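Before I ask anything, here is the structure I am working with.
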Amino acid sequence: MGERITAVTIVGGGTAGWLTALILTTAFRTQAKDGGGNSEARKVTLIESPNVSTVGVGEATVPAMPRLLQQMGIPEQDFFKHCNASFKLGVLFDNWNVDKNGKRIAYINSFNEAPVIGGVDAAHYFLKYGAGGQDFSRVVSPALDLGLALKGPRPLDAKPFTQGAGFAYHLDAGRFAELLSEVCVARGVEHIRDDVEDIETDERGFITALTLKQRGAHPVELVIDCTGFRGFLINKALGEPFVDYSRYLANDRAAAVQIPHPDPERIEPLTRSTALGAGWVWRVPLYSRVGTGYVFSSAHRSDDEAGAELLEHLAPQLGAAAKDATPRFIPMRVGRTRRPWVKNCVAIGLSSGFIEPLESTAIYMIEMSARWLLAYFPDKDFAEPTRARYNTIATQLYDEVRDFICLHYALGNRTDSQYWIDAREDLEVPDSLAANLDLWKHAVPTRYDLTFSSLFSYRVYHAVMLGKQVYETGYAAPPRDGGVVLRPAPWRDYVKQTRRAIDAAVKALPDHRTLLATIRGEGAAVSGKTASGPKLPAKPHLPSAQFQMPTVPLPGQAAPLTPVITTKTKKTGRGG
C-alpha cells in the first residue's frame, strides 16, 4: 500500500472548485476527528485566478441539494439570504410539443415519482383509463398546482430543510460560490489568488508541481482541475481528449440576461423551459430578480438573431426595461473529457464535461464527482483499478444525462421550425437511448430498461413521455398491459383521494414569497402575513406519502422505496 496523500490542490474556483473543496475538507475533518486525533486532516488548497470572473446567472438544482447543504453544515437561512435563493418544485416545459390538434403542450417534470397502485405503476392506469381529462402530472404530484398558485412547498413554521412536496432550489451561482468560499476558508482551506501558467511532471507523466505566476512552483500530490471549459490541466497539459456530443445535441451557445420580477410579490416556485425557434429559454425566479436566457444552436441563429428573439420573448415581462436588457453570450462545450481522472489529476465541473442545462444537472454532477472521489480516494501509488472505476461511473453519469436530454428532442413533434425538424430527424440518437425508444413503442419504461440510473429513474421517463403525449400523437399506440390486470376502481379511488389532498394543500400552504421572507427572517412575513395581510395557516394537512418522494436519490443514501398505494374495493364477482 502506498504512502498516504496529505494534501489536495484544486485549480479553479467557482461552484465546481469551492463545492469540491467543501465536500473534501468536510470529509477530511470528520475522518481526522473520528480517528481520535491520531490521523491529521488532509490539507486542501484552492488556487483561483484573480483575472477570471464568474457569470452570476440564476441557476436551478435537483432535490439532492437540500441534503447536501445539511450534510455540509450550511444553515438554511444563510443559504437563502446569501444566494438570493427560492424554491423549485419542478421544470415546466412549454411549447416543446403539440397535441393531436396542433395546440402547443405544457407539462411539468416534478420532483415526485408516480406511485405504485396495487403493484402496478400509475402510468399503466393512466394510459388505460385516463384521469378525467387531467394531465398525468396533476394526479401524481402537487407541483403544478402549487406552482401555478405561487405556493411554497411547506408550512411557515417547518424546521429547516423540511421536505413537504419534493423541492430543489433556484440560486445565484456567483453568490453561491462566494458563500462556499467563505465557509471553506473558515474551515481551513487555503485560498491562493494566482494564475497557473505551467506544470512540472515526473518520468511517469504525473504532475508534481504547478508553476504560479506570482509564487513560482507549488508542489502537488493530488490535483483537481476545476478550470471550466478550458480544461487547462486535464485537456491542455495532460492531453486527455474531449468527446464531443454535438452529433447528439445541437445547442452550443447561450444568451444570458438578468431581469426584474414583473411583480416582486409573485415569485413562481418553478423553473420554466420555453421552446423558441432555435432552442429554449430558461426562466429561474430568484428572490429579488429573475435569471433568464436562451440556449440555442449557432447553426440556426446568429448571436444577433438569438438576442433579438430572446428580447422579443421577454418583452411582455420587461416593458420599458427592455431597452436596458443586454444579453451576454456564452459558448458551450458540450460533451465530456474521455477520462476525467488521468494519472494524479481529476477533472470536476465543466473541465470534466457539460450537457446543456435543461434538467439543472450541473451542481449535482459536481457533487457526485467529489463524492465518488472520496469513495475511491487514492494513496500516492494511484492504483489503476480505483481510477478506472471512478472513470467508468463518471462516464456513465454523463451518458445518463445525455440520453435523458436527447429524449426531449427525439420525441419532439414540432414542424414549424427547421431547428426542431433537424433536432428530431438529423441529430443522432445515442445507441442506448435508441434501443429504448424502439422498445417503448411497445412497452412502458421499466426499471430493467436503464443500465445506469443515478439521477433519472424510469418513472421520470414516464413523466416526460406522458407529458409530451407521445402515445396520443402518433409516436406509438398505447402499450399493452403486459398481462397485468388493471381494474378501474383502485385507480378512480386513487385519483379522487389525490386530487382532494392536492386541493387541500394548495389552500393551506403559504404563498412562496411569504415563505421565503419567513426563512430569511425579514419583516412582517415572520408573523405569517402576506403582503395583503391575511394570516396563513401554519400547519396545513400535507398531501399523502407519495408526494414526499423526490425523484433523485439523496447522495450517499440508498434510493428511497417507492410508496405503494393500496385501495380496498368490494368484491362484486366481476372484474372492476
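The values are calculated or read from the model by the stated rules, or taken from the named source; none is laboratory data. Bear in mind that the values here come from a model prediction, so they are computed numbers and not experimental data. Here the Cβ is made from the backbone with ideal geometry for all residues, glycine too, and neighbour counts use every protein chain on show.
Could we say that L156 is touching a strand residue (DSSP E or B) at 6+ places or on another chain (Cβ under 6 Å) and either farther than 13 Å from I74 by Cβ or surrounded by 21 or more Cβ atoms within 10 Å (Cβ to Cβ) (or both) here?
No, not satisfied.
Within segment 477-491, does at least one residue satisfy the condition of being surrounded by 14 or more Cβ atoms within 10 Å (Cβ to Cβ), of a type in the set (F, W, Y) and part of a loop (DSSP other than H, G, I, E, B)?
Within segment 477-491, not a single residue is surrounded by 14 or more Cβ atoms within 10 Å (Cβ to Cβ), of a type in the set (F, W, Y) and part of a loop (DSSP other than H, G, I, E, B).
With the requirement that a residue be surrounded by fewer than 17 Cβ atoms within 10 Å (Cβ to Cβ) and part of a loop (DSSP other than H, G, I, E, B), what does segment 210-247 give you?
K213, Q214, R215, G239, P241, S246, R247
Can you tell me which of (1) surrounded by fewer than 20 Cβ atoms within 10 Å (Cβ to Cβ); (2) more than 15 Å from Q77 (Cα to Cα) is the one T162 doesn't meet?
Going through the list (1) surrounded by fewer than 20 Cβ atoms within 10 Å (Cβ to Cβ); (2) more than 15 Å from Q77 (Cα to Cα), T162 breaks only (2).
Now for a different question. Which residues, taken from segment 355-382, are among the aliphatic types (A, V, I, L, M) and free of Cβ contacts under 8 Å to residues at least 24 places away in the same chain?
The one that is among the aliphatic types (A, V, I, L, M) and free of Cβ contacts under 8 Å to residues at least 24 places away in the same chain: A375.
I'd like to check something: does segment 153-161 contain any residue that is assigned to a loop (DSSP other than H, G, I, E, B), of a type in the set (A, V, I, L, M, F, W, C), closer than 23 Å to A21 by Cβ and at pLDDT below 95?
The answer is yes, given that some residue of segment 153-161 is assigned to a loop (DSSP other than H, G, I, E, B), of a type in the set (A, V, I, L, M, F, W, C), closer than 23 Å to A21 by Cβ and at pLDDT below 95.
Being among the hydrophobic types (A, V, I, L, M, F, W, C), out of contact with any helix residue (DSSP H, G or I) (no Cβ under 8 Å at 6 or more places or on another chain) and either modelled with pLDDT under 90 or in a helix (DSSP H, G or I) (or both) is the filter here, so list the residues in segment 466-476 that pass it.
Of everything in segment 466-476, just one residue is among the hydrophobic types (A, V, I, L, M, F, W, C), out of contact with any helix residue (DSSP H, G or I) (no Cβ under 8 Å at 6 or more places or on another chain) and either modelled with pLDDT under 90 or in a helix (DSSP H, G or I) (or both), namely A476.
Out of A308, A388, A370, report the one residue that is in a helix (DSSP H, G or I) and in the same structural domain as E203 (by TED's automatic domain parsing).
A370
Among the listed residues E178, E182, E197, which satisfies the condition of being farther than 17 Å from K88 by Cα, free of Cβ contacts under 8 Å to residues at least 60 places away in the same chain and out of contact with any strand residue (DSSP E or B) (no Cβ under 6 Å at 6 or more places or on another chain)?
Step by step, each of E178, E182, E197 is checked, and only E182 is farther than 17 Å from K88 by Cα, free of Cβ contacts under 8 Å to residues at least 60 places away in the same chain and out of contact with any strand residue (DSSP E or B) (no Cβ under 6 Å at 6 or more places or on another chain).
Of all residues in segment 167-207, which are touching a Leu at 6+ places or on another chain (Cβ under 9 Å), assigned to a loop (DSSP other than H, G, I, E, B) and not hydrophobic (A, V, I, L, M, F, W, C)?
R187, D194, D195, G205
Only one of these conditions is not met by T415: (1) touching a helix residue (DSSP H, G or I) at 6+ places or on another chain (Cβ under 9 Å); (2) in contact (Cβ under 8 Å) with a residue 24 or more places away in the chain; (3) of a type in the set (S, T, N, Q). Which number is it?
Tallying (1) touching a helix residue (DSSP H, G or I) at 6+ places or on another chain (Cβ under 9 Å); (2) in contact (Cβ under 8 Å) with a residue 24 or more places away in the chain; (3) of a type in the set (S, T, N, Q), T415 fails exactly one: (2).
With (1) buried (at least 21 other Cβ atoms within 10 Å of the Cβ); (2) part of a loop (DSSP other than H, G, I, E, B) as the list, and D379 as the residue in question, which single condition is left unmet?
Result: D379 fails condition (1) only.
Let me ask you something else. Within the set of pairs 6 or more residues apart or between chains, which connect a residue that is closer than 16 Å to A489 by Cβ inside segment 114-125 to a residue that is part of a strand (DSSP E or B) and modelled with pLDDT of 90 or more with Cβ atoms less than 8 Å apart?
Final answer for the pair search is A122/V116; Y125/I117.
Hey, which of the strands (runs of 3 or more DSSP E) in segment 1-101, taking only ones fully inside, have at least 2 residues that are touching a strand residue (DSSP E or B) at 6+ places or on another chain (Cβ under 7 Å), more than 19 Å from E221 (Cα to Cα) and among the β-branched types (V, I, T)?
90-98
Against the condition more than 30 Å from K213 (Cβ to Cβ), more than 18 Å from the chain's Cα centre (by Cα) and part of a loop (DSSP other than H, G, I, E, B), how does Q134 come out, does it pass?
yes
Criterion first (within 30 Å of the chain's Cα centre (by Cα), under 18 Å from T15 (Cβ atoms), surrounded by 14 or more Cβ atoms within 10 Å (Cβ to Cβ) and not β-branched (V, I, T)) does S181 satisfy it?
The answer is yes for S181.
Is it fair to say V284 is in contact (Cβ under 8 Å) with a residue 12 or more places away in the chain, outside any loop (DSSP other than H, G, I, E, B), crowded, with 20+ Cβ neighbours inside 10 Å and not hydroxyl-bearing (S, T, Y)?
yes
Separate question: With the structure loaded, tell me whether G277 is on the phi > 0 side of the Ramachandran plot, assigned to a loop (DSSP other than H, G, I, E, B) and in contact (Cβ under 8 Å) with a residue 40 or more places away in the chain or whether it fails that test.
It is false that G277 is on the phi > 0 side of the Ramachandran plot, assigned to a loop (DSSP other than H, G, I, E, B) and in contact (Cβ under 8 Å) with a residue 40 or more places away in the chain.
Further question: Give T395, T473 a once-over and let me know the one that is touching an Asp or Glu at 6+ places or on another chain (Cβ under 8 Å), surrounded by 15 or more Cβ atoms within 10 Å (Cβ to Cβ) and not assigned by TED's automatic domain parsing to the domain that holds H300.
After applying the criteria, what remains is T473.
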